[in-house]
1. So how many residues does the range B:48-61 have that are open to solvent by 30 Å² or more (accessible area, probe 1.4 Å) and either among the aliphatic types (A, V, I, L, M) or out of contact with any Asp or Glu (no Cβ under 9 Å at 6 or more places or on another chain) (or both)?
2. Any residue that is of a type in the set (Phe, Trp, Tyr), out of contact with any Ser or Thr (no Cβ under 8 Å at 6 or more places or on another chain) and in a helix (DSSP H, G or I) - is there at least one of those in the range A:134-141?
3. Taking into account only those residues within the range A:16-42 that are under 26 Å from residue A:191 (Cα atoms) and hydroxyl-bearing (Ser, Thr, Tyr), which is surrounded by the most Cβ atoms within 10 Å (Cβ to Cβ)?
4. Please return the ranges of helices (runs of 4 or more DSSP H) entirely within the range A:19-110 where 1 or more residues are closer than 29 Å to residue B:79 by Cα and in the same structural domain as residue A:162 (by TED's automatic domain parsing).
5. I'd like the residue in the range A:187-206 that is surrounded by fewer than 12 Cβ atoms within 10 Å (Cβ to Cβ) and within 17 Å of residue A:26 (Cα to Cα) and, out of all such residues, is farthest from the chain's Cα centre (by Cα).
6. Mind listing just one residue for me: the one in the range B:87-115 that is surrounded by 17 or more Cβ atoms within 10 Å (Cβ to Cβ) and not aliphatic (A, V, I, L, M) and, of those, farthest from the chain's Cα centre (by Cα)?
7. Residues of the range B:125-141 being among the hydrophobic types (A, V, I, L, M, F, W, C), touching a residue at least 40 places away in the same chain (Cβ under 8 Å) and within 9 Å of chain A (Cβ to nearest Cβ), which ones?
8. Residue B:210: within 22 Å of residue B:160 (Cα to Cα), in a helix (DSSP H, G or I) and open to solvent by 80 Å² or more (accessible area, probe 1.4 Å), yes or no?
There are 2 protein chains.
Amino acid sequence: MNTLVLVSHPQIADSGTQEFLKASLPAENISWEHIESQTVLDVAYEQAQLRQADRIILQFPLYWYAAPAGLKQWEDTVLTRSFVYGDHRYPLAGKELGVVVTTGMPAEAFQRGGAEGLTLDAALAPLAAVAQRAKMTWLPTFAIHQFSYLDEPAKLRLVIAYQRYLTQQQPDSLKNRQAWFSDHLATMIAQLAEQDQSTGRLIEEAFKQKQTDLETLQDTLAMIKEQEDD
Amino acid sequence: MNTLVLVSHPQIADSGTQEFLKASLPAENISWEHIESQTVLDVAYEQAQLRQADRIILQFPLYWYAAPAGLKQWEDTVLTRSFVYGDHRYPLAGKELGVVVTTGMPAEAFQRGGAEGLTLDAALAPLAAVAQRAKMTWLPTFAIHQFSYLDEPAKLRLVIAYQRYLTQQQPDSLKNRQAWFSDHLATMIAQLAEQDQSTGRLIEEAFKQKQTDLETLQDTLAMIKEQEDD
């Protein structure tokens, strides 16, 4: 699966969050692009990038309940009508569209009665409507609230959650999560420091054991269900 | 009342709709500004414009279910946090915020199950959230659908409706509408061609008569209500 990460941030060099996310990118099958770094948007190139991607991630800080102007400029320029739905051809149909949005407020602020008074889903409704128009599949939004307040363990968890959001099979079911960890755990452990290697291998063994336990449980459940259906 | 009309359109010279709306502006107490005509946004000047206005109108074509990038750039640049709600000062509090939005689709498209699949209210929710944050009063949106398909009578009605949206006291009640026409009818008739003047004066007389009739009716209604309350 090819994932295209389109980042919109007017001052990306000053953004610790964007620096962190860039350093957290999975190693393979990722294209990363910063929209505002381009003085002129090359429409043909951008459209080609979209065509070759299976999952498209729009990543930005929430400014006034929407993406920064740079992303809107990209939409207004790159997403021409003829490209998105001209002649009843939908080149983006079936691709997944996900949003990684960072905010300076806690999650609780984004609800009726909260400090911001609207949900992130409501704020992102215009983008979701674009996805719908293009016959794309909208992914549940990946929100990062108050990044600078996160402690180290929370940041490590964020790396994994972010990598999964970019590359894991959707929906985010137990089965798909297991498959993802199965594929990535060995590489993750190999990257640990020397003194942490044995702990890492213990985790891997425990993971495999739990996976076997789960499969046994699922078989048992299936058997019970079969008897109930009789 | 001072009304500030902020127009966002990337190719305003090519827009017949914007040309028509500009020609339809009321004669007095209107400031009109085209955002994209300014190479660099003068933040202090823009903020001063906002401070002196009682009603602020954002006027734009709907691109991808939102305002064009130019308006978002204006928001991201001019609406600094310190200006909008810094130090618990809210310089925009109590001012009215209205949106004049033009679309290429019919009104019916903007509903669940319609071709666009979301309401204009849903598309404009991020702007409404800005108004809420600034403690402004959100006006019902003034939408112009498929302007180029309007015939002459519809266009004339649009001129009046637009002028009322920009200058009439809110809410758009019968009383406020009457007061607005009372103030404007004489000027409107004076602008008619020579041969239409007598028709104009007949309309004015009929309007005044109906107004008197209405007042009599309202008095009668008040009397009936009083008796019922006894």
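The values are calculated or read from the model by the stated rules, or taken from the named source; none is laboratory data. None of the values given here were measured: they were computed from a predicted structure. All Cβ positions, glycine included, derive from the backbone under ideal geometry; neighbour counts span all protein chains shown. With ligands, DNA and RNA removed, areas are computed over all heavy atoms of the protein, side chains included. Shrake-Rupley method; radii C 1.70, N 1.55, O 1.52, S 1.80 Å.
1. Looking only at that region, the number is 3.
2. The initial filter retains those residues of the range A:134-141 that are of a type in the set (Phe, Trp, Tyr), namely A:138.
In the following step, the residues that additionally are out of contact with any Ser or Thr (no Cβ under 8 Å at 6 or more places or on another chain) were identified as A:138.
If we keep only those that are in a helix (DSSP H, G or I) as well, we get none.
No: the range A:134-141 contains no residue that is of a type in the set (Phe, Trp, Tyr), out of contact with any Ser or Thr (no Cβ under 8 Å at 6 or more places or on another chain) and in a helix (DSSP H, G or I).
3. A:17
4. Details: elements: A:43-52, A:69-78, A:81-85.
Qualifying helices (runs of 4 or more DSSP H): A:69-78.
5. Looking at residues that are surrounded by fewer than 12 Cβ atoms within 10 Å (Cβ to Cβ) and within 17 Å of residue A:26 (Cα to Cα), I get A:190.
6. If we take residues in the range B:87-115 being surrounded by 17 or more Cβ atoms within 10 Å (Cβ to Cβ) and not aliphatic (A, V, I, L, M), then B:110 is farthest from the chain's Cα centre (by Cα).
7. Applying the first criterion (among the hydrophobic types (A, V, I, L, M, F, W, C)) to the range B:125-141 yields B:125, B:127-131, B:134, B:136, B:138-139.
In the following step, the residues that additionally are touching a residue at least 40 places away in the same chain (Cβ under 8 Å) were identified as B:127, B:130, B:134, B:136, B:138-139.
Selection gives B:127, B:130.
8. Against the criterion (within 22 Å of residue B:160 (Cα to Cα), in a helix (DSSP H, G or I) and open to solvent by 80 Å² or more (accessible area, probe 1.4 Å)), residue B:210 qualifies.
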